């Protein structure tokens, strides 16, 4: 530990400045020792400047703060022109373990593409001395045994992150274009004296885009062979976001075509390929059961459940604190943590990197930045088939509760609609859930407690997950607002009209008709009220279980209890009677006991009856028995 005076000499600032840094928490690890401060020997000089946009900002010391790398996946550019969080020790961990083929599964926007480009620059043979991009990074300090691998391998690099098309024809054309571009990076092979005429003819077919679909499936295998022959060194193959076109195929009805192509495409590249040094793949899901990697017993999968490489995708707490100090906004640590922390990769707590850099660069305004980058379209199909039990659990999650779920890391797109329980596995790997507690089962799955990671994802559940679940669009938000207004005003006629309006405009969706279905419908329509209420479903109170209860978060709101009933083919008079019976049940079964015990004296009771697409609402406020 050093004194303020000693550190002032090292950093070429006044002793008073060092003391100020310590008092304001800008030197992590600094401790008060009597009237003076002790500073860690390895402490880094804090930056004074503030940043409110992504632009460069000049400080009083004439030192420029680097911009944050929003949307930058080019490693060379990111580490030289922008604030770069050093993830190069990923290379050390890999070289220590030396798995033959590695698959990293992480949510979107968690740094997968940037990390893969970092691996490309590190390993790839180049006319340029690329070691300069690593000399000041963590990997270079690890010693010669790691440096010796730098710039020594030919590399094949493909990213499928933008392969998002509505048809198989457009998809295969895009893949053909990506292969054409990658082959173009290796045009030295056209004039190589080591390659056969046959190999060169195939190479030219890819370059001039004349190869057919069958020939394209051999593209990785043949390119790896040509590179190995030319350089006398087997290449490294890197495939980024391998499952993006598969996800599109599932959503856009060309699943069989894309699975068939990818199975042959990857098999040639990674299965028994002697012309391969190492293979890397990234994606959201591991699709083992689809036999894409059939027989590939040398594949090592690293998922959000595994501890290996857990700190290299996303930001750790130390990395975030250092970033906040650099931009002079360390006082925002708690707010940033509440909004964007909470992910658990292996045993490491991780922040969403995309949201963190957007938050800081946009003046530290908390918003759901991540959800605005795109969506997992697969969610719509999965949530459509969610059972009543799963629907109820999703709303419990939104209320901050934990639910028990089985997590199967081998979940496949095809099986999601077949078994709605797989929804939790998808939501976890896609970044919508975390696992505070997990227990490995004999079959390789996990029994977990799952919950929503942070405020950002809670906002996502309201705006994205719930809208998918209810198959709602603009009409839903309007209807939900009408329902909220009617409940505040105790206007049961407006409530009845709003529900009926929504049902009337969703004819095909309401063909099913069952009490559990209507239960989920009402839960969805009131979900946007969770800032004012804690929403509970099927909870014990009094002499039974009420259907839906809204517990006010503030005294100015009344408590609300809803009892729902449904029968087929009722007349208007019978529907009115069923709504009255539902309301009477609230009183007879004393469903208001729990709220009264919590000091909630004003309680709005609602009996809601359904028959097909028709609805009738009856209500009383507090202890008044008169029907409204």
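A short reminder: the numbers here are calculations on the coordinates, not readings from a lab. Small disclaimer: the values here were computed from a predicted structure and weren't measured. Positions of Cβ are backbone-derived with ideal geometry, glycine not excepted, and every protein chain shown enters the neighbour counts.
Worth a mention:
- Taking label positions 7 Å along the Cα-Cβ direction at both residue 15 and residue 140, the computed distance is 3.6 nm, reported to one decimal.
- Peptides 560-567, 126-133, 359-366 ranked from most to least packed, by the mean per-residue count of other Cβ atoms within 10 Å: 560-567, 359-366, 126-133.
- Sequence of 140, 354 once ranked by neighbouring C-beta atoms within 10 Å, starting from the fewest: 140, 354
- Packing-based ranking, highest mean first, of 434-442, 313-321 given that Cβ atoms within 10 Å are counted: 313-321, 434-442
- Counted by neighbouring Cβ atoms within 10 Å, the residues 248, 574, 64 run from fewest to most as 64, 574, 248.
- Relative exposure of 214, 85, 615, judged by other C-beta atoms within 10 Å (fewest first): 214, 85, 615
- Extension reserve of the residue 188-residue 204 stretch, reckoned as 0.36 nm per residue once the Cα distance is removed: 4.6 nm
- Rounded FRET efficiency, nearest 0.05, which uses the C-beta distance separating residue 33 from residue 500 and R0 of 45 Å: 0.05
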